[in-house]
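Colleague: Shown below is the structure under consideration.
The values are calculated or read from the model by the stated rules, or taken from the named source; none is laboratory data. Small disclaimer: the values here were computed from a predicted structure and weren't measured. Here the Cβ is made from the backbone with ideal geometry for all residues, glycine too, and neighbour counts use every protein chain on show. Surface accessibility is based on the protein's heavy atoms, side chains included, excluding ligands, DNA and RNA. Shrake-Rupley method; radii C 1.70, N 1.55, O 1.52, S 1.80 Å.
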Amino acid sequence: MLSSIKTKMDFLEEGRWKDPFDELLDSRTKLNKMNIVKQNVRVPYNIDSSVENSSYTEIKEPNYENEPLTFEDCSIKVYCPSDSISTPCDKRLGGTVLFQSDLSPITHLKLDGVEHSRDKCADTKETDLYVNVDIPFQNIIASPKKGPNFGKKRLSNSNEMVTVVHPSISLNPGKWRKSLNNFIRSKINETNFTKKVEHRSSICQDRKSLVLKGEHKFENKCEEDVLKYCHQCTPLPFNATYEQYKLLNSKKIGEGAYGEVFRCSANQKILKEHISDIVLKIIPLEGSTVINGEKQKTFSQILPEIIITNKMCSLRTSKTNSTNGFVSIRKVSLVKGRYPPHFINLWEKYDNEKGSENDHPELFGDNQLFAVLELKFAGSDMANFKFLNSEQSYYALKQIILALAVGEEEYQFEHRDLHLGNILIEYTNKKHVICTFKNSKLTVLSKGVNVTIIDYTLSRITINDCCYFNDLSRDEELFQATGDYQYDVYRMMRNEVKNNWSSFSPKTNIIWLSYVIVKVLDSVKYKSINTKVHRMYINKIKELQNIIMTFESASQCANYLFNLN
Ligand SMILES: Nc1ncnc2c1ncn2[C@@H]1O[C@H](COP(=O)(O)OP(=O)(O)OP(=O)(O)O)[C@@H](O)[C@H]1O
């Protein structure tokens, strides 16, 4: 089949592949160049899990010779007028790791240098699993033991903050920024860490986030807007809003650099709306307490996540273009107060069983604000899901392509961080997954699985001529990591958008699809691989792999896969 595709392509005259959508893209590019479209461009309010705003202009070169480096020395500071930034805080992918780059993906510091030590991972059996860790921070304490609580800030019995230290580093694809941040924190004793952290805005702070102003002064009324999205006038008391008896079968299921994620069923007698299985993503806001090594998100940084999540969810009921492929949000709340004890118990249980990389939520005080995103539970991430065989993963892939295509059509959506941790899979009894694409009803076989895309930290959308995006143009460290195709993808995206992150460049979705295809072929888990059907669909996926980069958008790819014009 592949050879026939190739042959066809060889003989087609130029432009033959273009459909009306391509033409639209062409003219959009022209219009963009002429500065006619997108007069109102909002650069992201997206923040991500690892970076945040900085508000400096100076780039300070550390004085290596005369004095020890400090956190301040290590930070490249970039002026950013108001809003924030973000970063991919990726998901845990379970695989191993490694930044083989000489430069720290976060700090731009040369990781192998000062003392030429190679800190080998003590906690892994793989002999070549190491990262050069000569970070030029002083006061590094390498503990000989690694416990489950390594690297975290905790309250000691005497109520003093202590840091548990661990000796080695192991950075996974996925939430790499979080991992490295934790690693650095854990290598620094508490006194110095606390002192230094007060004087920095982030370990990895050189990403700017701009707001190119549109018609209304969005950034000045972000708190108001967040409250509006919450349908509230003031923050609600945290404990009373999420009382234990309202939630059944609660469990912590995940964590990000900012958020803690709990799963529970709403008690139907208490909550009228019927959603049986919900996820609470709890994100501290606006406080001065540094948490998980990062400053807390601001209203202006959380707002885009709320807006994009809402918009992508609204595609479920949209007419011309609809899909269930983006996570469903039930509501969002702004709450205030200490972390409720039942959530603390769940946090500790998770920590004991799995080991948390996050700080203990007891750190939060009485006046702490939190955004609580109530999402529908959507399964486990693709890196941890075990597919029956490649037929199932092939149809999961088709669902992803369709969801992205629908997002492109409706909102000029680009996900821009579609690693396996941001693709959730759950079992379904429904035979088909249905969507509407450019007014046509399309049906994909589910083969027993349903796919949901989450985490819009780096995403880009256009709503009413306002573009929300995350300006990665100064985010050098994001483009320096190596060790997994995921990190090449960030560089490929940068080339594609020519570092103009506001532009609609749906090819980025294609680049991420090429990554997903590679993972489906090479690293996702399968129950059964010695079957004819598995081999057959592996070949089909390989055929798709061979042509995927010829498409300019997920939309164009969907046209091809579904034989549309
Ligand atoms: N709707 C959901 N259903 C099931 N699991 C979820 C859902 N949302 C989040 N999770 C789980 O929680 C984890 C953390 O969620 P998420 O990535 O949204 O947090 P985050 O704080 O944005 O992370 P980061 O910013 O560090 O990337 C996910 O990797 C996933 O395992």
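Colleague: Sort out which residues of the stretch 328-374 are closer than 30 Å to Ala558 by Cβ and open to solvent by 10 Å² or more (accessible area, probe 1.4 Å), and write them in order of number.
Modeller: Taking the stretch 328-374 and keeping what is closer than 30 Å to Ala558 by Cβ, we get 328-330, 373.
Ser328, Ile329, Arg330 - these are the residues of the stretch 328-374 that are closer than 30 Å to Ala558 by Cβ and open to solvent by 10 Å² or more (accessible area, probe 1.4 Å).
Colleague: Criterion first (in the same structural domain as Thr452 (by the TED database) and not β-branched (Val, Ile, Thr)) does Leu369 satisfy it? Let's see the steps before the verdict.
Modeller: Numbers: in the same structural domain as Thr452 (by the TED database): no; not β-branched (Val, Ile, Thr): yes.
Considered against the rule, which asks whether it is in the same structural domain as Thr452 (by the TED database) and not β-branched (Val, Ile, Thr), Leu369 comes out as no.
Colleague: If you go through the stretch 414-425 one residue at a time, do you hit one that is part of a helix (DSSP H, G or I) and open to solvent by 10 Å² or more (accessible area, probe 1.4 Å)? Spell out how you get there, then give the answer.
Modeller: As a first pass, look at the stretch 414-425 and keep what is part of a helix (DSSP H, G or I): 420-422.
Now narrow it down to the ones that are open to solvent by 10 Å² or more (accessible area, probe 1.4 Å): none.
No, because not a single residue in the stretch 414-425 is part of a helix (DSSP H, G or I) and open to solvent by 10 Å² or more (accessible area, probe 1.4 Å).
Colleague: Whether any residue in the stretch 530-543 is at pLDDT 95 or above and open to solvent by less than 10 Å² (accessible area, probe 1.4 Å) is what I want to check. I'd like the intermediate steps shown before the answer.
Modeller: Just the residues of the stretch 530-543 that are at pLDDT 95 or above, to begin with: 530-543.
Checking which are open to solvent by less than 10 Å² (accessible area, probe 1.4 Å) leaves us with 541.
Within the stretch 530-543, one or more residues are at pLDDT 95 or above and open to solvent by less than 10 Å² (accessible area, probe 1.4 Å).
Colleague: Of the residues that sit in the stretch 505-524 and are touching a Phe, Trp or Tyr at 6+ places or on another chain (Cβ under 9 Å) and not in a helix (DSSP H, G or I), which one is surrounded by the fewest Cβ atoms within 10 Å (Cβ to Cβ)?
Modeller: Val524
Colleague: Go through the residues of the stretch 438-445 one by one and say whether even a single one is in contact with a Lys or Arg (Cβ under 8 Å, 6 or more places away or on another chain) and at negative phi.
Modeller: Scanning the stretch 438-445 turns up at least one residue that is in contact with a Lys or Arg (Cβ under 8 Å, 6 or more places away or on another chain) and at negative phi.
Colleague: Are any residues in the stretch 377-408 in contact with a Ser or Thr (Cβ under 6 Å, 6 or more places away or on another chain) and open to solvent by 10 Å² or more (accessible area, probe 1.4 Å), and if so, which ones? Please lay out each step first, then the result.
Modeller: Of the stretch 377-408, the ones in contact with a Ser or Thr (Cβ under 6 Å, 6 or more places away or on another chain) are 378, 387, 389, 403, 405-406, 408.
If the condition is that a residue be in contact with a Ser or Thr (Cβ under 6 Å, 6 or more places away or on another chain) and open to solvent by 10 Å² or more (accessible area, probe 1.4 Å), then Asn389 is the only one that fits.
Colleague: Being aliphatic (A, V, I, L, M) and open to solvent by less than 10 Å² (accessible area, probe 1.4 Å) narrows it down to one of Met493, Met549, so name that one. Break it down into steps so the answer makes sense when it comes.
Modeller: Working: Met549 fails: open to solvent by less than 10 Å² (accessible area, probe 1.4 Å).
Going through Met493, Met549 in turn, just one is aliphatic (A, V, I, L, M) and open to solvent by less than 10 Å² (accessible area, probe 1.4 Å): Met493.
Colleague: Further question on the same structure: Can Thr317 be described as open to solvent by 20 Å² or more (accessible area, probe 1.4 Å), assigned by the TED database to the domain that holds His360 and either within 19 Å of Gln399 (Cα to Cα) or in contact (Cβ under 8 Å) with a residue 12 or more places away in the chain (or both)? Walk me through how you get there before you give the answer.
Modeller: Numbers: open to solvent by 20 Å² or more (accessible area, probe 1.4 Å): yes; assigned by the TED database to the domain that holds His360: yes; either within 19 Å of Gln399 (Cα to Cα) or in contact (Cβ under 8 Å) with a residue 12 or more places away in the chain (or both): yes.
Considered against the rule, which asks whether it is open to solvent by 20 Å² or more (accessible area, probe 1.4 Å), assigned by the TED database to the domain that holds His360 and either within 19 Å of Gln399 (Cα to Cα) or in contact (Cβ under 8 Å) with a residue 12 or more places away in the chain (or both), Thr317 comes out as yes.
Colleague: Could you pull out the residue among Lys251, Lys295 that is of a type outside the set (Phe, Trp, Tyr), closer than 15 Å to Phe377 by Cβ and either crowded, with 23+ Cβ neighbours inside 10 Å or within 12 Å of the ligand (Cβ to nearest atom) (or both)? Outline the logic, then answer.
Modeller: Details: Lys295 fails: closer than 15 Å to Phe377 by Cβ.
Going through Lys251, Lys295 in turn, just one is of a type outside the set (Phe, Trp, Tyr), closer than 15 Å to Phe377 by Cβ and either crowded, with 23+ Cβ neighbours inside 10 Å or within 12 Å of the ligand (Cβ to nearest atom) (or both): Lys251.
Colleague: Name the single residue that is modelled with the lowest pLDDT among those in the stretch 297-333 being among the hydroxyl-bearing types (Ser, Thr, Tyr) and farther than 22 Å from Ala405 by Cβ.
Modeller: Taking the stretch 297-333 and keeping what is among the hydroxyl-bearing types (Ser, Thr, Tyr), we get 298, 300, 309, 314, 317-318, 320, 322-323, 328, 333.
Filter again for farther than 22 Å from Ala405 by Cβ, leaving 298, 300, 333.
Working: Thr298: 91, Ser300: 88, Ser333: 97.
Ranking the qualifying residues of the stretch 297-333, first place goes to Ser300.
Colleague: Could you grab me the full set of residues in the stretch 437-462 that are open to solvent by less than 20 Å² (accessible area, probe 1.4 Å) and part of a strand (DSSP E or B)?
Modeller: Phe437, Leu442, Val444, Val449, Val451, Thr452, Ile453, Arg460, Ile461, Thr462
Colleague: Which members of the stretch 350-366 meet the condition of being touching a residue at least 60 places away in the same chain (Cβ under 8 Å) and either away from the ligand (no atom under 16 Å from the Cβ) or in a loop (DSSP other than H, G, I, E, B) (or both)? I'd like the intermediate steps shown before the answer.
Modeller: First, pick out the residues of the stretch 350-366 that are touching a residue at least 60 places away in the same chain (Cβ under 8 Å): 350-352, 355-365.
Selection gives Asn352, Gly355, Ser356, Glu357, Asn358, Asp359, His360, Glu362, Leu363, Phe364, Gly365.
Colleague: Further question: Of the residues Ile401, Ile434, only one is away from the ligand (no atom under 16 Å from the Cβ), part of a strand (DSSP E or B) and either within 25 Å of Lys281 (Cβ to Cβ) or not assigned by the TED database to the domain that holds Ser314 (or both); which?
Modeller: On the way: Ile401 fails: part of a strand (DSSP E or B).
None of the other options fit; the residue is Ile434.
Colleague: Give the residues of the stretch 409-419 that are within 16 Å of the ligand (Cβ to nearest atom) and touching a Ser or Thr at 6+ places or on another chain (Cβ under 8 Å), sorted by residue number. Step through it out loud before you land on a result.
Modeller: We begin by selecting, within the stretch 409-419, every residue within 16 Å of the ligand (Cβ to nearest atom); these are 415-419.
Scanning the stretch 409-419 gives His415, Arg416, Asp417.
Colleague: Note down all Cβ pairs under 7 Å where the first residue falls in the stretch 242-265 and is at positive phi, the second is assigned to a strand (DSSP E or B) and more than 6 Å from the ligand (Cβ to nearest atom), and they're at least six residues apart or on different chains.
Modeller: Once the first residue is at positive phi and sits in the stretch 242-265, its partners that are assigned to a strand (DSSP E or B) and more than 6 Å from the ligand (Cβ to nearest atom) give Asn249/Cys264; Asn249/Ser265.
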